[in-house]
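In what follows, a structure is listed as structure tokens, so that the remarks can point back to it.
The values are calculated or read from the model by the stated rules, or taken from the named source; none is laboratory data. Note that the structure is predicted; figures quoted are calculated from it, not measured. Cβ coordinates were reconstructed from backbone atoms using ideal geometry, including for glycine residues, and neighbour counts include every protein chain displayed. The accessibility values were calculated without ligands, DNA or RNA, using every heavy atom of the protein model including side chains. Shrake-Rupley method; radii C 1.70, N 1.55, O 1.52, S 1.80 Å.
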Amino acid sequence: MRLFIAEKPSLGLAVAQAIGIKEKGRGYIECNNGDRVTWAIGHLLQQYTPDDYDIALKKWNEQDLPIIPEQWKMKVSSKTKDQFKIVKDLIKEAKILVNVGDPDREGQLIIDEIFQYCNASQPIKRVLISDLNLAPVKKALSKIQDNDITVKLGHSALARGRADWLVGMNLTRAFTLAGRKAGLD
């Protein structure tokens, strides 16, 4: 069974309609050919916060800056944990995984992160869909390729996300602490 993981439910539905819907389950769709389609709801995973790495970082102190994780870690978002469990369980059953994230760097990363977090060892494919109408989706599904071809898009999104984290977490704390020293609340 191939498992198609779309970035969002509307894209998942478009894929399932193009393949042929057998029945809808909770958080996924069973297709006529035995394939299944499920979806993220944007990011199912999120980066650790500083205090996830070390509870002592919950209190903001100048001497802790800069905060640079030795090893970057992710966690399941509390808002989407139910859908994540569905996706994770479906990954375990699949023979082939298909990344159906949006055809951009963030779309690539959102689904690749799920595969990595779940330690997926199956072959991973990629389909690029930019138009949710039936004919273009069918055409895209006829051109499934190896995920390795587009994986570098995800790497660029990962680099941007980590840079955002480093700048955002550290500068927010630095400027807040400096403001407090200057008498601001």
remark   = When Ile129 is run through (1) open to solvent by less than 60 Å² (accessible area, probe 1.4 Å); (2) assigned to a helix (DSSP H, G or I), the failure sits at (2)
note = The number of residues in segment 134-154 that are in contact (Cβ under 8 Å) with a residue 40 or more places away in the chain and not hydroxyl-bearing (Ser, Thr, Tyr) is 9
task = Go through segment 132-148 residue by residue and tally those that are in a loop (DSSP other than H, G, I, E, B) and either buried (at least 18 other Cβ atoms within 10 Å of the Cβ) or not small (Gly, Ala, Ser) (or both).
result = 4
task = Kindly provide the set of residues from segment 91-116 that are open to solvent by 20 Å² or more (accessible area, probe 1.4 Å) and either polar (S, T, N, Q) or closer than 22 Å to Asp131 by Cβ (or both), ordered by number.
result = Asp102, Pro103, Asp104, Arg105, Glu106, Gln116
task = Report yes if some residue within segment 166-181 is among the aliphatic types (A, V, I, L, M) and not in a helix (DSSP H, G or I); otherwise report no.
result = no
task = Inspect all residues belonging to segment 170-177 and state whether any of them is aliphatic (A, V, I, L, M), in contact (Cβ under 8 Å) with a residue 24 or more places away in the chain, out of contact with any Gly (no Cβ under 7 Å at 6 or more places or on another chain) and open to solvent by 80 Å² or more (accessible area, probe 1.4 Å).
result = no
message = Contact list please: Cβ distance under 6 Å, first residue in segment 43-59 and modelled with pLDDT of 95 or more, second residue part of a loop (DSSP other than H, G, I, E, B) and among the hydrophobic types (A, V, I, L, M, F, W, C), pairs at least six apart or on different chains.
response = Pro50/Ile67
remark   = Note on segment 22-52: residues β-branched (Val, Ile, Thr) and either open to solvent by 60 Å² or more (accessible area, probe 1.4 Å) or not in a strand (DSSP E or B) (or both) are Ile41, Thr49
query = Only one of (1) open to solvent by less than 80 Å² (accessible area, probe 1.4 Å); (2) assigned to a loop (DSSP other than H, G, I, E, B) fails for Ser121. Which number is that?
reply = (1)
inquiry  = Please verify whether Leu57 is part of a helix (DSSP H, G or I), over 15 Å from the mean Cα position of the chain (by Cα), of a type outside the set (S, T, N, Q) and closer than 25 Å to Ile129 by Cβ, treating the condition exactly as stated.
reply    = no
ask   = For segment 149-167, does any single residue satisfy the condition of being open to solvent by less than 30 Å² (accessible area, probe 1.4 Å) and touching a Ser or Thr at 6+ places or on another chain (Cβ under 6 Å)?
value = no
key: Out of Lys85, Lys75, sole residue that is part of a strand (DSSP E or B) and over 16 Å from Leu13 (Cα atoms)   = Lys75
